[in-house]
1. Calculate how steeply helix 182-193 sits against the longest principal axis of the alpha-carbon atoms of the chain, using the helix alpha-carbon long axis, and give the answer as 0 to 90 degrees to the nearest 10.
2. On a 0 to 90° scale, report how tilted helix 55-67 is relative to the longest principal axis of the chain, with both axes built from alpha carbons and the result rounded to the nearest 10.
3. Among 75, 276, 267, what is the fewest-to-most ranking by other Cβ atoms within 10 Å?
4. Please work out the FRET efficiency for the pair residue 329 and residue 382, using the Cβ-Cβ distance as r and a Förster radius of 56 Å; give the result to the nearest 0.05.
5. Hey, how many Å between the Cα centroid of region 159-232 and the Cα centroid of region 354-409?
6. Counting only DSSP beta bridges with both residues in the chain, tell me the antiparallel percent, nearest 5.
7. So for the pair residue 146, residue 111, with labels modelled 7 Å out along Cα→Cβ, what separation do we get in nm?
8. So what's the angle, to the nearest 10 degrees on a 0 to 90 scale, between helix 28-45 and the longest Cα principal axis of the chain?
């Protein structure tokens with residue numbers, strides 16, 4: 001009875017007060033007044049009996065639907081929840097402290113879940129339907145959302161929300177959270193200032209984009225930055241930032257503009273820094289060539305399980321791009337363009353750490369020569385599940401050390417003394 005009433009009231013709100021939802025500044029008071037008006041009308045005109053029904057709960061649930069996130073509103077507000085995985089209307093998993101568990105929250109049915117999906121998509125240019133059954137979007141707070149619906153999703157609509165954790169804003173926050181230590185932080189900040197080319201690698205959800213975003217705060221305010229992403233996630237607090245986002249095809253199957261096209265266009269925009277939200281395909285070769293032509297200080301994200309896999313994935317991306325180029329030429333381009341790989345992992349206890357800072361030091365026997373500068377040495381796992389380990393310097397001094405001096409950055413070689 002109550003669920004049916006909520007659906008009826010929701011439909012009437014959308015029909016009679018649709019103008020409210022075209023505004024971004026709609027207030028809870030305006031919506032609450034509208035809901036009360038609908039309830040009064042239904043009681044008088046349709047003789048709906050609201051006695052014995054908790055009207056306050058109905059109103060609050062509808063406010064959550066319209067202004068919040070419906071049944072998952074409490075999860076979105078829970079600062080301990082880092083990821084929400086909706087596997088159809090009846091199974092909602094959450095990640096807390098790096099551990100995934102099934103929550104007791106559910107949607108009533110597919111229709112209620114689809115209502116949330118359309119609400120999430122409303123402020124964006126994206127859509128989902130049978131012809132385009134999946135989408136990636138970013139919420140206003142920076143949280144990332146993936147949506148996939150039937151017929152591709154066999155058990156109902158699926159929504160994955162990776163929440164943006166605003167608690168990590170500075171390098172000190174990353175040190176406090178154990179992502180890396182002070183030596184590694186000093187080195188990485190120096191790399192950013194000296195315009196060293198960096199690839200941030202790791203699996204999904206390990207914090208690559210967060211680390212990139214925090215470190216990018218140390219880019220000079222005088223520089224013009226162009227960010228290129230599939231789904232806009234980076235929000236850099238810099239005065240001269242151009243944000244570009246790829247476009248999916250329209251309902252006629254036309255108008256798609258990918259990362260590679262945006263990257264090539266960005267080179268005509270006088271960029272002093274190019275930040276790629278993620279390298280996925282043929283733009284890998286364009287990026288390497290751009291760096292070799294003088295666009296240093298580039299930052300990029302790439303999914304890989306180890307620094308070695310970064311090289312393998314880039315090789316594959318370039319080889320399948322359709323450009324006729326040999327593997328030897330690819331390796332020469334990589335060794336000339338790439339400086340550092342910052343590899344991040346999520347460990348058994350859920351903590352996220354930079355486990356390798358690795359430099360690309362030319363070629364050795366025709367292959368890319370990788371040298372670890374800092375590593376995380378995992379010593380074991382405590383009975384409570386917490387990991388034990390230490391960040392260690394390997395004794396390798398960066399090949400580009402003199403670039404720090406040229407940039408006026410004072411960094412002692414003692415920083416790299418072997419532990």
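Computed from the coordinates by the stated procedures, all read-outs in this text should not be read as laboratory data. On a predicted model such as this, the values are computed, not experimentally measured, just so you know. Every residue, glycine as well, gets a Cβ built from its backbone with ideal geometry; the counts of neighbours run over all protein chains shown.
1. 90 degrees
2. 40 degrees
3. Details: 75 20, 276 26, 267 15.
Least crowded to most crowded, the residues run 267, 75, 276.
4. On the way: r = 49 Å, r/R0 = 0.87.
Rounded to the nearest 0.05, the efficiency is 0.70.
5. One Cα centre to the other: 17 Å.
6. On the way: 46 of 67 bridges.
Around 70 percent antiparallel, to the nearest 5.
7. 3.0 nm
8. 30 degrees
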